[in-house]
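Structure, as structure tokens:
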């Protein structure tokens, strides 16, 4: 039951990220739900772009690990919108932005890694396809931690 809910959420997030989150202006982690959207956008313009959580190289992993247990205990599914990070708490939601083309997607951290320096994140096969770097294997990305309330707000739009 929980797995099907997580799978459904991953599909919805994929659809939302393909349309609405193509080119984020900034991290949404500082927004408050009671503030009008226009006021938030104007305050971002004044304050400039918030500092990203991390910028560096991303890689992806696919079929070899499909079905194997992740650090969170769930089996790895190369078609889910998930990723591995060295230090972020498991269950954290992160917006990953491809700095070459501006495409972005929100993923859930469910594994540990990457173990190859200087990479900062390993994303699933589906994430690499959405961000359009599957063929290259590696890509420079920006990571922004996204609060759960922001993720839910994006689903409602």
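A short reminder: the numbers here are calculations on the coordinates, not readings from a lab. Values in this document were obtained by computation on a predicted structure and should not be read as measured data. Cβ: placed from backbone, ideal geometry, glycine included. Neighbour counts: every protein chain shown.
At a glance:
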quantity	calculated
Residue exposure sequence - 134, 51 - by fewest surrounding Cβ within 10 Å	51, 134
Inter-label distance, nm, simple model (7 Å from Cα along the C-beta direction), residue 112/residue 72	1.6
Cα→Cβ-extended label distance, 7 Å offset, between residue 147 and residue 55, nm	2.5
Residues 125, 76, 64 arranged by fewest to most Cβ contacts within 10 Å	64, 125, 76
Estimated distance in nm for a label pair at residue 138 and residue 90, the labels positioned 7 Å out from Cα along Cα-to-Cβ	2.9
